[in-house]
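K.L.:
Please see the structure below; I have some questions.
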Amino acid sequence: MSERGGGFGAFLLGIVLGAVAGFVFAPTESGENTRRKVTKGLRNLKELAEDKVDEVRGILKEAADEADESEDEEDEEPELATREQLRRRLEAARRRRARSARPSVPPASEEEDEPLA
């Protein structure tokens, strides 16, 4: 079965696309002005996107350079400390898991021994 409302969405999309196409490709002088404005706006948008891409590349390059410098300066000790911390966490998690996996024996009570009538 078809989805409900799917035809209405396509209908609205067709109206919007038709209005945009009619406005852009109008044979009047205002259509030419609109095309120029749209072209100029797209050009400006492209330049802005290129500037932002260059900016992000610069930031990423700086971050990579800083990471390389910090790796050169680091000793083996912080890495060992981190490994030791992870080992301790893993051991603690294993102990908790082992404790929770043990079946707990409920204390015997007199009420449980009585038959239900």
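Computed from the coordinates by the stated procedures, all read-outs in this text should not be read as laboratory data. None of the values given here were measured: they were computed from a predicted structure. For neighbour counting, all protein chains shown are included, and Cβ atoms are generated from backbone atoms with ideal geometry for every residue, glycine included.
K.L.:
Using a Förster distance of 35 angstrom, determine the FRET efficiency expected from the C-beta separation of Glu66 and Arg97, and round it to 0.05.
P.N.:
Between Glu66 and Arg97 the formula returns 0.35.
K.L.:
Here's another thing I want to ask about it. Expected output is a single nm value to one decimal: the length gained when fully extending between Glu55 and Phe11, i.e. 0.36 nm times separation in residues minus the C-alpha distance. What is it?
P.N.:
Values: separation 44, 0.36 × 44 = 15.84 nm, distance 4.12 nm.
Computed gain between Glu55 and Phe11 is 11.7 nm.
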